[in-house]
Amino acid sequence: MADTTKTKFEFKAETKKLLDILVHSLYTSKDIFLRELISNASDALDKIRFESNKGAEITDKDLPLEIKIAFDDKKNLVTVTDTGIGMTRDELIANIGTIAKSGSEEFLKQLSENKEAVNNIIGRFGIGFYSVFMAAKEVVLKTKSYKKDEPAVEWRSDGLGDYEISELNEEIKRGTTIEIYLKDEAKEFAERHRLESVIKKHSNFISFPIYLENEKINTIAALWREPKSSIKKEQYDEFYKFLTYDSEEPLEIIHTSVDAPIQFNALLFIPKKSYEFWRWNRDDYGLDLYVRRVLIQHQNKDLLPEYLSFVKGVVDSEDLPLNISRETLQENIIFSKISQSITSNVLSHLTKTAKDSPERYADFWKEHGKIFKLGYMDFTNMEKYQALLRFNSSESKDEKELVSLEEYVGRMKKDQKEIYYALGAGREAIDMNPHLEIFKSKGLEVLYLYDPVDEFVMTSIRKHKDFDFKSVDAASLKDIEKLEDVVKEEKPKEKLSKEDDKAFGRLMLKMKEILGDRVTEVHESKRLKGSPATLINPDDTMSSTMQKILKMSNQGIAMPAQKRLMEINKDHKLIRNLVSVFKKNENDSFIADTTEQLYDSALLLEGSLDDPHKLVNRLNKMLEESSSWYVKVKDN
């Protein structure tokens, strides 16, 4: 029982204010108090182990190093006990009795007026213990130091204005016991399932055993703190499934331990399957952040950039400075360096996988490539990012075969100055793109892009090494025409007569007149081989694909339509027939209908035709007329 001689201490005025802020304003969740007490108990156990390793004389040296938690729902009582280093009376006053030795009235005034100022007290005080008063109406702490002949001491307070310290006559073992008499609104913590859930959430990886009513709760090892050489793949798989609730084993495992210049451990996983449904539920990502095995933040979203959000895992550091509640990290260079290091490690691991196991990397790309592409703004890691990009291309044997930028550059023509790409809904759609005809004839490889984000990737990174990215519908023909054809025409096209050539020139003027302001001009094409017409973007204008993306995202509603340039293939049979009609009657309705049809068909092929009704109606009319001509010819 306690000694009848008790000493009462008054909290200083500024200490009372700080305690009020801690209890009522700073912490966002009451269950944090249990995390703090367990963390303090773990620290006490670490200290006694250190003293033991030094060879110091220790009271109750055979006690097992452990943490025990008990509860009594009848008394609304929770008890936390550790067999750690314990405290003497003077240590108790220094560690528990005084909160803010360096606190000032002015500082606390600012703190009470501006909650954001909480971050300014980071690292000043070790006061997590006082979070207990969020849930407790009274706290009784009993402790016995490891030092020989030091008496057991009791500390008692309601956290309002004062505390009592007295020596204990009763015999207790080394360590500390904290009795928490719960407030009515916090009596949920006197229930087993509530305590167990808090322990597993925040303190599951404490290195010392935690017992709840004699049952060990923390049964999963903190693998990230273990040497990689001692861990079997089955252990990694078990930990991954425990962490993510995934039924499959991970595709990749990244286990990192860094000692200098900043100490941290990380155990990261890349899942086999993507659970990303294109921006749906995008908040469900992030790494779990630990400090000395204590969970500080679930799904921290700043440790990895968003384009690596498919990575699951944990990061644990000894060096991170925390604010008073451990819930918000101080903005500091240490955290930034850990983040940079982890990002670099993930990218390096993916680079090694791509080199050593292209098939496995292809599996990764199939599942996570869409998210990875969002890294087009990561200028710090741009070289690694670009090396990991994969695309389908005109050289691929099918839509599944992937090409790296490095492979593309290695196959470039001698005088080729740009990396060409085309966007479309699929491989077949891009193959039918009229703009590709000259690229095929010259044997120029073209990257095939199928995702809307690909346009942003190309326009943002702009170039790879010394080569600019260029869309096929904006490529300059000057450099391309210089290259030798690799696909020869079976027979040369018959040249137009002088008369027909003049008629073709006037026909193009007529077509411009018909289309009006929708096109800047109509001219002869040098790029088309098998198609009658196509639309070209003038230099330095937004691509048709980008216009379509902005329109779909409602950003282009007020944006005026960009005028296009129309190119006509005078060697195409349709155009030559049109020349013949034009020579007989320049105002024939067939010329207007065909011009409109060619324009709408070009828009349709690139996916920019807003209203297909006119095209369909016009096509039906032309088919009706042509079928009538066909019947007349057959009848004759």
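The values are calculated or read from the model by the stated rules, or taken from the named source; none is laboratory data. Computed from a prediction, not measured in an experiment: that's the story for all the values here. Please note: Cβ atoms are built from the backbone with ideal geometry, for glycine as well, and neighbour counts cover all protein chains shown.
The table that follows gives values for the structure above.
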quantity: When residues of region 273-286 are limited to those that are hydrophobic (A, V, I, L, M, F, W, C) and within 23 Å of residue 362 (Cα to Cα), the one modelled with the lowest pLDDT; calculated: 278
quantity: Every residue from region 586-617 that is surrounded by fewer than 18 Cβ atoms within 10 Å (Cβ to Cβ) and either at pLDDT 95 or above or aromatic (Phe, Trp, Tyr) (or both); calculated: 590
quantity: Test: residue in region 418-438 that is more than 37 Å from the chain's Cα centre (by Cα) and not in a helix (DSSP H, G or I); calculated: no
quantity: Criterion: under 21 Å from the mean Cα position of the chain (by Cα), part of a loop (DSSP other than H, G, I, E, B) and either in the same structural domain as residue 470 (by TED's automatic domain parsing) or modelled with pLDDT under 95 (or both) - qualifying residue of 398, 316, 363, 302; calculated: 302
quantity: Cβ pairs under 9 Å, 6+ apart, first in region 307-334 and buried (at least 17 other Cβ atoms within 10 Å of the Cβ), second modelled with pLDDT of 60 or more and of a type in the set (Lys, Arg); calculated: 307/373; 309/282; 309/301; 316/225; 316/292; 316/293; 317/292; 326/35
quantity: Whichever residue in region 493-528 is out of contact with any Pro (no Cβ under 8 Å at 6 or more places or on another chain) and assigned to a strand (DSSP E or B) and, among such residues, is farthest from residue 596 (Cα to Cα); calculated: 524
quantity: Odd one out for residue 507 among (1) modelled with pLDDT of 90 or more; (2) within 29 Å of the chain's Cα centre (by Cα); calculated: (2)
quantity: Single residue of region 440-451 satisfying the filter (touching a Lys or Arg at 6+ places or on another chain (Cβ under 9 Å) and aliphatic (A, V, I, L, M)) that is modelled with the highest pLDDT; calculated: 446
quantity: Long-range neighbours under 6 Å by Cβ, at least six apart or interchain, first residue on the phi > 0 side of the Ramachandran plot within region 443-472, second outside any strand (DSSP E or B); calculated: 443/486
quantity: Options 270, 262, 296; residue that is crowded, with 16+ Cβ neighbours inside 10 Å, at pLDDT below 85 and either over 12 Å from the mean Cα position of the chain (by Cα) or not charged (D, E, K, R) (or both); calculated: 296
quantity: Region 149-175 - residue that is crowded, with 16+ Cβ neighbours inside 10 Å and without any contact (Cβ under 8 Å) to a residue 24 or more places away in the chain and, of those, nearest to residue 19 (Cα to Cα); calculated: 157
quantity: Wholly within region 562-636, helices (runs of 4 or more DSSP H) carrying at least 1 residues that are of a type in the set (A, V, I, L, M, F, W, C) and under 48 Å from the mean Cα position of the chain (by Cα); calculated: 589-606, 613-635
quantity: Contacts under 7 angstrom Cβ, first residue in region 290-306 being closer than 19 Å to residue 218 by Cβ, partner at pLDDT below 85 and not in a loop (DSSP other than H, G, I, E, B), 6 or more apart; calculated: 290/296; 291/322; 296/322
quantity: Some residue of region 159-167 being assigned to a helix (DSSP H, G or I), at pLDDT below 95, of a type in the set (D, E, K, R) and assigned by TED's automatic domain parsing to the domain that holds residue 64; calculated: no
quantity: Qualifying residue in region 192-207 (condition: in contact with a Ser or Thr (Cβ under 6 Å, 6 or more places away or on another chain), modelled with pLDDT under 95 and surrounded by 14 or more Cβ atoms within 10 Å (Cβ to Cβ)); calculated: yes
quantity: Test for residue 4: is it of a type outside the set (Gly, Ala, Ser) and either within 28 Å of residue 297 (Cα to Cα) or at pLDDT 95 or above (or both); calculated: no
quantity: Scope region 452-471; condition within 27 Å of residue 366 (Cβ to Cβ), assigned to a loop (DSSP other than H, G, I, E, B) and at pLDDT 90 or above; matching residues; calculated: 462, 465
quantity: Of residues in region 208-229 being hydroxyl-bearing (Ser, Thr, Tyr) and within 17 Å of residue 68 (Cα to Cα), the one surrounded by the most Cβ atoms within 10 Å (Cβ to Cβ); calculated: 211
quantity: Positions within region 364-378 being surrounded by fewer than 17 Cβ atoms within 10 Å (Cβ to Cβ) and either over 20 Å from residue 464 (Cα atoms) or out of contact with any helix residue (DSSP H, G or I) (no Cβ under 8 Å at 6 or more places or on another chain) (or both), in sequence order; calculated: 366
quantity: Output for region 379-394, where each listed residue is assigned to a loop (DSSP other than H, G, I, E, B) and buried (at least 17 other Cβ atoms within 10 Å of the Cβ); calculated: 381, 389, 390, 394
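For every residue, the table says whether it meets (1) closer than 30 Å to residue 189 by Cα; (2) at pLDDT below 90; (3) assigned to a loop (DSSP other than H, G, I, E, B).
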residue: 218; (1), (2), (3): yes, no, yes
residue: 235; (1), (2), (3): no, no, no
residue: 240; (1), (2), (3): yes, no, no
residue: 255; (1), (2), (3): no, no, no
residue: 288; (1), (2), (3): yes, no, no
